[in-house]
Structure formats: structure tokens, C-alpha cells
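*Asks:* Before we start, here is the structure in question, set down as C-alpha cells.
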Number of protein chains: 2
Amino acid sequence: MPITTLADSNPIKLCVVIVGLPARGKSFISQKIVRYLSWLSIPTKSFNCSTNLIQQLKESNTTANQLFNKENTPNHEILNKTRQLTLDQILKWFTEIDNCGVAIYDGINATKFERDHINKTLSDNNINTVFLESYCDDQSIIDVNITDIESTSPEYFNSVSLQDTINSVSNKIQFYDNVYETLTASEESNLSFIKLINFSSQIILNHIDSYLKSRIVYYIMNLHVKNRYIWLSRHGESQYNLEGKIGGDAALSERGIKYSHKLVEIVDKYIPNHDRLEVWTSTLKRTQQTAKYLPFPKKQWKALDELDAGSCDGLTYDEIAEKFPEDFKARDDNKFEYRYPGGESYRDVITRLEPIIMALENQENVLVITHQAVLRCIYAYFMNVHQEESPWMSIPLHTLIRLEIKAYGTEVTRIKADIPAVSTYKEKGTSKLGESNNSLNIMSGSVISGITDKIVN
Amino acid sequence: MPITTLADSNPIKLCVVIVGLPARGKSFISQKIVRYLSWLSIPTKSFNCSTNLIQQLKESNTTANQLFNKENTPNHEILNKTRQLTLDQILKWFTEIDNCGVAIYDGINATKFERDHINKTLSDNNINTVFLESYCDDQSIIDVNITDIESTSPEYFNSVSLQDTINSVSNKIQFYDNVYETLTASEESNLSFIKLINFSSQIILNHIDSYLKSRIVYYIMNLHVKNRYIWLSRHGESQYNLEGKIGGDAALSERGIKYSHKLVEIVDKYIPNHDRLEVWTSTLKRTQQTAKYLPFPKKQWKALDELDAGSCDGLTYDEIAEKFPEDFKARDDNKFEYRYPGGESYRDVITRLEPIIMALENQENVLVITHQAVLRCIYAYFMNVHQEESPWMSIPLHTLIRLEIKAYGTEVTRIKADIPAVSTYKEKGTSKLGESNNSLNIMSGSVISGITDKIVN
């Protein structure tokens with residue numbers, strides 16, 4: 001039996017209102033919260049003020065450069081319209097969702113006056129509010145962020161060069177710096193807020209008065225900003241894989257053992273700083289045997305054990321189709337929610353994986369050796385894959401996956417060991433095992449041994 | 001498959017060093033952290049400076065009154081000895097535990113100098129440190145705490161009257177107030193700390209750099225200080241109870257239905273402010289039928305579902321003993337860890353109950369209607385029952401349990417409906433059902449309908 005989801009337990013409408021000067025990682029934080037809460041099945045959407053600003057600029061034939069240029073008189077009309085539009089979109093969205101949802105207002109929200117207006121408007125509409133300020137006075141962090149913005153912000157999409165963007169962003173920073181009022185408990189004591197100082201090196205919390213808010217704080221405390229790698233692999237081919245059986249605690253096949261040797265070479269060749277690598281496995285034999293020859297510290301996690309197939313453990317898909325025909329169909333109809341009799345669903349796996357995700361957000365240089373369903377869930381979190389799609393992703397055996405986690409996305413590289421293995425991918429509606437050519441299968445593509453294949457989410 | 005425990009995942013030695021003037025709820029917070037982490041199976045122990053001080057006072061024939069009286073010259077020797085003793089006890093404890101553990105240094109730790117010394121000593125011994133200050137300038141909170149201390153602190157155990165204690169504590173506060181230096185990120189920027197301002201209305205976090213620390217912060221954010229009630233009940237007697245079967249999703253028996261009606265009366269009579277009551281049930285029929293006539297808002301939690309008996313679901317204990325004789329014995333040998341084939345262990349239930357505990361810490365006026373094993377786990381948390389003992393507690397049917405949660409303990413009152421029901425208590429080593437007379441059975445005693453039976457933990 002799984003724990004209830006946050007969505008079930010907290011039927012609350014919450015708006016996280018971001019506060020911060022340009023180049024303070026606001027969109028990064030917004031996107032991370034969206035990803036985390038969505039992964040936990042809470043309807044979450046980010047509303048980006050910049051996107052609305054572009055629309056307003058187009059309509060009035062202005063550029064961001066002109067708007068924020070200190071030589072010009074500030075065009076308050078455009079800015080006010082943009083803010084109202086964002087707030088209206090949020091209010092509209094809350095009328096469309098049923099029960100529980102989190103909106104992120106991703107904007108600068110520089111002044112007490114603006115924040116007070118937002119707080120009042122939301123409160124009048126029975127929406128809880130928490131402000132989330134990213135305050136940063138470390139110029140080196142700001143500089144890195146400005147450079148990052150070039151490649152990501154729609155506002156500067158048409159800038160000719162990096163230098164252009166930097167100038168624009170600097171103008172914008174100056175523009176807002178003059179009016180910016182940071183959140184303080186003395187000045188805005190009535191507001192519920194989270195203030196991050198130089199990312200999470202210091203955090204000030206004021207009136208964090210609900211479980212959901214405390215959960216967001218907890219997540220943010222565990223966030224990393226710097227680019228880093230996470231390495232993932234399924235165990236080598238097992239005896240059960242050969243026999244087409246699911247679950248169990250079988251040993252590796254001969255080819256699986258080959259992969260466990262090959263993995264040492266691959267790690268040596270492809271993982272930089274592998275002298276600091278840590279290897280995480282499940283408590284099951286096949287992952288531990290796969291890690292056997294890797295000369296690094298190891299951790300065993302029960303949370304990394306394969307999805308529990310309950311009464312179907314040890315059966316082939318053909319046997320399941322025969323013995324439990326209704327279950328077999330029900331699973332294909334809603335693979336995310338379907339729970340094996342006496343076993344688990346994908347949703348259950350996500351619930352128990354949550355501490356792993358927290359730990360992975362906290363770390364780098366980790367190689368996780370685990371199982372198909374578990375890898376799908378971890379992968380779905382980092383790649384922001386929809387929950388209905390995640391159980392259908394194909395994650396082949398004998399392949400090392402590199403996730404390069406950057407501020408604004410994750411890049412995937414697959415390093416395929418040249419060791420054949422059976423496919424364990426079951427196509428929808430059949431009990432046949434074979435490679436998926438499903439369009440949701442974002443892991444597929446032509447990958448040759450040793451050649452990397454970058455896919456950006 | 002359960003998630004790994006925090007203890008498994010974080011083999012780390014952490015000392016939480018409490019900072020704060022007298023009457024700032026330091027021992028309350030210490031005890032709560034001990035209870036929470038112990039419940040999660042992390043070895044945790046609090047080391048109380050006051051307890052050591054009493055020993056030192058006895059040895060030198062001094063009283064707390066004399067020591068802290070402003071007329072006298074301060075006796076620094078006694079205080080320094082006490083501090084060193086506490087630190088030594090902590091270091092010794094860490095050599096005795098294996099792997100992962102959390103010590104709480106429950107003291108005043110008023111000055112930067114003292115804190116620096118503690119931090120260095122612990123760091124030299126490879127122990128991580130986080131300081132936890134309770135800063136409070138709200139005199140009304142302080143006054144309540146001073147009154148509370150009388151009934152709880154060993155230091156004032158021999159005080160003749162409440163007024164005596166208040167005077168002593170006030171002297172002690174004055175004594176430390178002169179030297180007290182609050183934690184600030186500017187002055188002690190190198191320290192990892194959590195600063196609570198007027199309990200959790202504002203919180204400042206500095207360098208919270210590990211998962212375990214973030215988890216402690218998360219817990220503290222959800223803590224309540226004020227006295228309140230939590231109400232617990234098992235579902236009414238079910239058809240399965242009558243047949244001696246475990247698990248399943250049976251409807252209530254006739255007597256169970258009687259209880260569901262009676263519960264309305266009992267709630268009306270015994271629960272104050274029941275106009276604001278919220279009723280939580282599991283997703284199983286028998287809890288929902290029990291709540292059926294209660295005219296209050298209801299929430300269904302999957303996390304409150306009964307311990308999953310896997311392959312043994314729907315069997316009687318006799319049948320289990322016959323079909324799975326080894327499992328039957330294994331469960332008696334270690335009931336906390338034993339997992340039914342394809343089902344759950346008590347440890348698994350605790351893992352999934354964690355959000356319920358967080359939510360219960362956040363709320364009052366909740367009536368939880370759930371199942372035997374789940375109630376045992378919730379009860380164990382609030383009453384600080386040892387994990388080996390918790391699965392053996394007897395929690396009878398047709399009884400409303402009131403937990404009165406106070407700063408320094410929980411009082412239990414049982415209100416027994418006068419409706420007979422079968423016993424579902426299985427004694428160790430037999431498959432027989434009958435009332436336990438186990439000494440661990442802290443719920444037992446002669447309870448008459450409507451009469452309360454207070455047991456303080």
C-alpha cells in the first residue's frame with residue numbers, strides 16, 4: 001500500500017511568487033519546483049513574466065533594449081500590463097484546475113507595493129501565497145547567470161551576440177536595481193516568504209505555515225546549482241531476462257557478467273573524476289553483481305529495488321496474460337497507476353524514490369545501477385517526462401547513461417557497451433518483448449558503441 | 001519493497017548543538033527530534049547539560065539558586081566542568097555506535113567562544129555539527145515556558161513551590177542574559193546553523209549542507225508548540241474480525257455498525273470544539289463505514305491503510321501457521337522487521353506514515369480512524385514507544401483514544417464505548433487471539449465506559 005500523494009493530502013491552491021533581480025536564477029528555481037511537484041503528481045505550472053513582456057513589446061513595437069535603456073523614460077504602461085496579464089493567467093488557471101495545484105509566478109516583483117497587490121489579489125481569490133526571493137550579491141554567480149541567460153531566455157532570443165545580451169541584461173538589472181526592495185521580516189512581516197541568499201548558503205523563512213510550503217523549502221535546501229553529471233545503468237542481463245520472467249532475484253547471465261567487466265573500462269574511459277565516484281545499487285543480486293568489479297565505494301538502497309510485481313513476480317508476460325488477463329489489460333490501460341496484486345505501481349515507486357531524488361540533487365559523481373522501472377522514474381524526474389509516458393520509455397540493457405544536469409535542462413548521453421542483450425521492452429497491447437518504436441521512447445535513436453547522442457530536454 | 005531508512009542512506013555522525021537562554025523550549029525541541037529520528041530508526045540520544053549540572057551541584061554542595069544568584073560570584077568551575085562532561089559523554093557515545101547516529105547537546109551554549117570550542121572538538125572527531133538556536137523575545141511565550149519548567153526540569157525538582165522555581169529560572173536567565181551572544185550569519189558565518197525566532201515564525205538557516213540536516217529543518221518547520229488533542233480510533237468490528245481473518249476489505253459487523261453510531265455521541269460529548277473537527281480514514285471500507293455518521297469534513301488517506309499482509313491477506317492466524325509455518329515464527333521473532341511475502345513490515349508502515357505524522361504535527365482537531373498496525377505506529381511516535389515493542393501493543397476495538405499533546409509529553413485518555421467486540425490481539429508464540437497481559441501493553445488497565453485513564457509518557 002503506498003502513501004497518499006501530496007496532492008491527495010493537501011487540497012490547497014498555492015501560488016509561489018518569485019522575487020529577484022535579473023540573473024538570480026529565478027527561472028531555474030521555478031522550473032525545478034515545477035518538475036519536482038509534477039513528478040509528485042501535483043498539478044504545477046510556471047507563469048513567466050518575460051514571455052508576456054515579449055508579447056507586449058511586439059505589440060508596441062519596442063525592444064527590451066529600448067525599454068530598459070536608462071537614456072529613455074521608463075514605459076510603465078508596458079510593465080504594468082505585463083504584470084496584470086501574468087496575474088490574470090494565474091487566476092484563470094486556478095479556476096480550471098479542480099482541487100489542488102501550485103502556480104509559480106516567475107517574475108521580478110521588485111517592490112513592496114507590487115507584492116502587496118499580488119498577495120491581496122490572490123488572497124481574495126482563496127489562493128495561498130508564498131514569496132520566494134533569490135537574493136544574490138555574489139558578482140561571480142551573477143556573471144555566470146547572465147551568460148546563461150543568452151542561451152535560454154526568450155526575451156533575448158533575437159539578440160545578435162552574447163555581448164548584446166549581456167548589455168541588455170545589465171541594463172535591465174540597472175533598471176530594476178534602482179527600485180528593488182529586498183524582502184525583510186521587519187518590513188513585510190505579514191508575508192509568508194522564503195529568502196535565498198546566494199542560493200542556499202543562507203535561507204530566511206518567514207511564516208512557513210503549511211505542509212506543502214515546508215516541502216518546497218525542504219526541496220530547495222537540497223538543490224544544487226552547479227553543472228554536474230549523474231550516471232545511470234540497468235544491471236547486466238540476468239537469467240530471468242533470458243527467460244523473459246519479471247521480478248525475482250536472479251543472478252546475471254553470461255553476457256550480463258561480460259557487461260559487469262566492460263563497465264569498469266567504460267567508467268574508466270568516460271567518467272571524469274571517477275576517483276571520487278560512488279556506486280549505488282539496489283539490494284538485489286543482479287545490480288550488485290553488475291557493480292562487482294567497480295573499485296569504488298558502494299551503497300545499497302532498498303529504495304532502488306525493482307517495482308514489486310506482487311503475485312506476478314517470477315512470471316513471464318505470457319503467463320501473466322493467461323493467469324491474470326484482467327490485470328494484464330488494466331496495466332496496459334494505465335501503466336502509471338496500475339498496481340500488481342500485492343505489489344506496486346509506478347506511482348508507488350516514485351513515492352519511495354523521493355529520498356533518492358533528494359540525495360541525487362545533493363550529490364555528484366554517483367553511478368546508479370538499478371532496474372528498468374526504477375530507472376524510468378529517475379529518468380522521468382530529470383528529463384521532465386510526463387507521468388503517463390514514463391512507464392513506456394525504453395531503457396536498454398548494457399548501456400551507461402550520462403545525465404549532464406545544467407541550470408536550464410539536462411543533456412543525455414548514452415554509452416552503449418558492445419555486448420548483446422535481450423530486449424525487456426514489452427509493447428502495449430501484446431505480451432511480446434521487443435524494441436519499442438514508440439514516439440515517446442525518447443531514449444531510442446541510432447547509437448553506436450562509444451558515440452554519444454545528445455538529447456536536450 | 002520499502003524505501004531505505006535515513007540511517008541506511010546517511011551513514012553520518014551528526015551532533016545537534018542546542019543554543020538558547022533558559023525557558024526557550026530547548027528541551028522540548030531536543031526531545032521531539034529524538035523521538036522523530038528514533039521513530040525513523042536512527043540511533044538518537046539527547047545529552048542534557050542540566051542533568052550533569054545537578055550532579056556537579058551535589059558534589060560541591062551548592063544549589064542552582066546559589067549558583068545563579070547575582071549576589072554571588074559566578075562559580076565558573078562548576079559550569080565549565082558540566083560542559084566538558086556533556087561533551088565527553090557525546091564523544092564517548094559516538095565511539096559506541098556503529099555507523100550513523102545523532103546526538104543532541106541540550107545546553108545553553110551561550111557564547112561564540114563555547115560554540116567554537118564545541119565545533120572544533122566535534123570536527124576533530126569526525127562528527128558533523130549543526131547548531132540549533134531557539135531565540136525568543138516574546139515575553140508571553142517565555143512566561144509560559146518558565147511555568148512549564150517547574151513540572152519538568154530535574155534542576156528544580158526540589159523547589160518548594162512554583163514561585164521558587166520562577167525565581168530560580170529568572171535568576172538563571174539573568175545570569176546568562178549578560179553573556180548571551182545570539183547566532184548571526186555575519187558573526188559566525190562558518191557555522192552550520194538553524195536559528196528559530198519565536199519558535200518557527202521565522203527561521204534562519206546557514207549552511208544546511210546535508211540531507212539529514214535538511215530533514216531536521218523540515219521536521220522543525222512542521223512542529224507545533226501549543227497543547228492540543230489528537231483523536232484516534234480503530235474502525236468498528238468488521239466481518240473479518242469476527243472470522244479471525246487478517247487484512248481484506250470487509251464491511252463492519254453488526255456491532256461495528258453500532259459503534260459507528262455510538263461514535264457520534266462520544267465525539268459530541270468528549271471532543272471539545274468538534275465543530276472544527278476533521279476526520280481522516282483509510283481507503284478501506286471498514287474505516288469509512290465507521291466514520292459514516294460523523295457530520296464533519298473527511299479525508300481518505302492511502303497511507304492509513306492497514307499493514308499489507310501480502311500472501312497472508314484474508315487468512316486466519318491458524319491458517320498462516322499452517323501454510324507458512326516459517327513465516328509465522330519469523331514474524332513472532334522480529335515483528336517490527338518481518339515483512340509478509342509480497343506485503344509489508346512495521347518498518348514499511350512507518351516509512352509510509354511519515355507524511356501523516358508531519359501533517360498531525362501541523363494540525364489539531366483531527367480524528368484518525370484507521371487500523372490496528374497503523375494505530376500502533378502512530379501511537380508509538382507520540383508516546384515514544386520502542387520500535388521492538390510497538391507491534392505488541394494492544395489497541396482494543398470500540399475505543400476512542402485521546403492524545404493530549406503537551407510540550408513535554410503526551411497524555412492518553414481512553415474512552416471506551418460500551419459495545420462488545422472480539423479481540424484481535426495475537427499473543428506471541430501462539431495463533432490464539434485474546435487480550436494481552438503483556439507488560440509492554442501500555443494501553444491496558446481497567447477502563448470503564450466514559451471514565452478516563454491518564455497515562456503519561
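Since every read-out is calculated from the coordinates, none of them should be taken as a lab result. A quick note: this is a predicted structure, and the numbers were derived from the prediction, not measured. A quick note on method: Cβ atoms are made from the backbone with ideal geometry, for glycine too, and the neighbour counts reach across all protein chains shown.
*Asks:* Return the sequence-ordered ³J(HN,Hα) values of the stretch B:172-189 in whole Hz as given by the Karplus equation 6.51 cos²θ - 1.76 cosθ + 1.60 applied to θ = phi - 60°, using x for Gly and Pro.
*Replies:* Per residue, the Karplus-derived 3J(HN,Hα) values read 5, 4, 4, 4, 7, 4, 5, 10, 5, 10, 6, 6, 9, 5, 6, 7, 10, 4 Hz.
*Asks:* By count of other Cβ within 10 Å, fewest leading, how are A:Thr287, A:Thr430, B:Thr95, B:Thr63 ordered?
*Replies:* In increasing order of surrounding Cβ atoms, one gets B:Thr95, A:Thr430, B:Thr63, A:Thr287.
*Asks:* Tell me the mean residue ellipticity at 222 nm calculated for the protein assembly as shown from its helices only (DSSP H runs of n ≥ 4, each -39500 (n - 2.57), averaged over every residue, nearest 500).
*Replies:* Value at 222 nm, helices only: -12500 deg cm²/dmol.
*Asks:* Among bridges DSSP assigns within the protein assembly as shown, what percent are antiparallel (round to 5)?
*Replies:* Counting only bridges with both partners in the protein assembly as shown, antiparallel ones make up about 45 percent.
*Asks:* What do you get for the angle between helix A:211-221 and the principal long axis of chain A? Use alpha-carbon atoms, 0 to 90 degrees, nearest ten.
*Replies:* The answer is roughly 80 degrees.
*Asks:* Now, a different point. Hey, which lysines would be in cross-link range of A:Lys172, C-alpha to C-alpha under 17 Å, not counting anything within fewer than 8 residues on its own chain?
*Replies:* Here the lysines satisfying the reach criterion relative to A:Lys172 are A:Lys26, A:Lys70.
*Asks:* Let me ask something additional. What percent do you get for the relative contact order of the stretch B:13-221 when only Cα pairs under 8 Å and 6+ apart count?
*Replies:* Relative contact order, the stretch B:13-221: 31 percent.
*Asks:* Kindly put B:Leu40, B:Leu360 in sequence by how many other C-beta atoms sit within 10 Å of each C-beta, fewest to most.
*Replies:* By the 10 Å Cβ count, ascending, the order reads B:Leu40, B:Leu360.
*Asks:* About the Cα centre of the protein assembly as shown, how large is the charge dipole given +1 on each Lys and Arg Cβ and -1 on each Asp and Glu Cβ? Please answer in debye to the nearest 20.
*Replies:* For the protein assembly as shown, the charge dipole is close to 480 debye.
*Asks:* Also, quick follow-up: Which is the longest run of chain A containing none of the GluC sites (Glu not before Pro) found in DSSP loop states (not H, G, I, E, B) with at most 11 other C-beta atoms within 10 Å?
*Replies:* The longest such stretch corresponds to A:188-457.
*Asks:* Mind listing the phi-derived Karplus ³J(HN,Hα) values for the stretch B:257-270, rounded to whole Hz, using 6.51, -1.76 and 1.60 with θ = phi - 60°, and x for any glycine or proline?
*Replies:* 5, 4, 4, 4, 6, 4, 4, 4, 4, 4, 4, 4, 7, 9
*Asks:* In whole Hz and in residue order, list the ³J(HN,Hα) couplings for the stretch B:133-141 that follow from phi through the Karplus curve 6.51 cos²θ - 1.76 cosθ + 1.60, θ = phi - 60°; x for Gly and Pro.
*Replies:* Going residue by residue, I get 9, 9, 9, 9, 10, 8, 4, 5, 5 Hz, with x marking Gly and Pro.
*Asks:* If you don't mind, there's one more thing I want to ask. Using modelled backbone amide H atoms (1.01 Å from N, in-plane), which distant-in-sequence or interchain residues come within less than 5 Å of B:Tyr425's amide H?
*Replies:* Amide H neighbours of B:Tyr425: B:Gly434.
*Asks:* As an exercise, take the mean of 1/r over every pair of distinct alpha carbons in the stretch B:13-221, invert it, and state the Kirkwood radius in angstroms.
*Replies:* Roughly 17.5 Å, rounded to one decimal.
*Asks:* Taking amide hydrogens as modeled 1.01 Å from N in the peptide plane, which residues meet the under 5 Å criterion relative to B:Ile127, leaving out close sequence neighbours?
*Replies:* Answer set, sorted by chain and number: none.
*Asks:* Moving to a separate point now. Among B:Ile108, B:Leu242, B:Gln89, which residue has its Cα furthest toward the positive end of the charge dipole of chain B, with +1 on Lys/Arg Cβ and -1 on Asp/Glu Cβ?
*Replies:* After comparing all options, I get B:Leu242.
*Asks:* Can you find, among A:Asn365, A:Leu57, B:Phe199, the residue sitting farthest towards the positive end of the charge dipole of the protein assembly as shown, where Lys and Arg contribute +1 and Asp and Glu -1 at Cβ?
*Replies:* The residue sitting farthest along the positive end of the dipole is A:Asn365.
*Asks:* Quick one: putting +1 on the C-beta of Lys and Arg, -1 on the C-beta of Asp and Glu, what dipole do you get for chain A around its Cα centre, in Debye to the nearest 20?
*Replies:* That gives chain A a dipole magnitude of about 640 debye.
*Asks:* For the stretch A:1-135, report the translational diffusion coefficient in µm²/s to the nearest whole number, using Stokes-Einstein at 20 °C, 1.002 mPa s, and a Kirkwood Rh over Cα pairs.
*Replies:* D, rounded to a whole number, is 135 µm²/s.
*Asks:* Next question. Find every distance from the label point of B:Asp275 to the corresponding label point in the other copies (7 Å from Cα along Cα→Cβ) and write them in nm, one decimal, shortest first.
*Replies:* Those separations, rounded to one decimal, come out as 7.1 nm.
*Asks:* Please tell me which of these pairs span more than 25 angstrom C-alpha to C-alpha: B:Lys269/B:Lys292; A:Lys58/A:Lys213; B:Lys112/B:Lys226; A:Lys285/A:Lys426?
*Replies:* With Cα atoms farther than 25 Å apart: A:Lys58/A:Lys213; B:Lys112/B:Lys226.
*Asks:* For chain A, what size does the Cα cloud have along each of its three principal axes, sorted from largest down, in whole Å?
*Replies:* The principal-axis extents, from largest down, are 73, 45, 40 Å.
*Asks:* Something else about it: How high is the FRET efficiency between A:Glu388 and B:Phe296 when r is their beta carbon distance and R₀ equals 41 Å, given to the nearest 0.05?
*Replies:* Step by step, r from the Cβ atoms, then E = 0.70.
*Asks:* State the answer as a single residue: which of A:Phe336, A:Val16, A:Ile257 lies farthest towards the positive end of the charge dipole of the protein assembly as shown, with beta carbon charges of +1 for Lys and Arg and -1 for Asp and Glu, about the Cα centre.
*Replies:* With unit charges placed on the Cβ atoms, the residue in question is A:Ile257.
*Asks:* Using alpha carbon coordinates only, what is the Rg to Rh ratio of the protein assembly as shown, with Rh defined as the Kirkwood radius?
*Replies:* Using only Cα positions, Rg/Rh for the protein assembly as shown is 0.97.
*Asks:* Still on this structure, I have one more. Work out, step by step, the length gained on full extension between B:Ser123 and B:His261: first 0.36 nm times the residue separation, then minus their alpha carbon distance; give nm to one decimal. Please report the intermediate quantities before stating the final value.
*Replies:* Values: separation 138, 0.36 × 138 = 49.68 nm, distance 6.00 nm.
Length difference between fully extended and current span is 43.7 nm.
*Asks:* Would you pull out the residues with amide H under 5 Å of B:Gly247's amide H, same chain only if 5 or more places away, H placed 1.01 Å from N?
*Replies:* Excluding prolines and chain starts, which carry no amide H, the hits are B:Gly314.
*Asks:* Can you put A:Cys100, A:Cys312 in order of Cβ neighbours within 10 angstrom, beginning with the fewest?
*Replies:* Values: A:Cys100 20, A:Cys312 23.
In order of increasing Cβ crowding within 10 Å: A:Cys100, A:Cys312.
*Asks:* Next question. Shortest first and in nm to one decimal, what separations exist between A:Ser123 and its copies in the other chains, measuring from label points 7 Å along the Cα-to-beta-carbon line?
*Replies:* So the label point of A:Ser123 gives 4.4 nm to the other copies.
*Asks:* To one decimal in nm, how far is A:His76 from the same spot in the other copies, if labels go 7 Å from Cα toward Cβ? Please give the shortest first.
*Replies:* Counterpart label points of A:His76 in the remaining copies fall at 6.1 nm.
*Asks:* Before anything else, pin down the relative contact order of the stretch B:1-113: Cα pairs under 8 Å, at least 6 apart, normalised by residue count, whole percent.
*Replies:* Worked out over the stretch B:1-113, it gives 50 percent.
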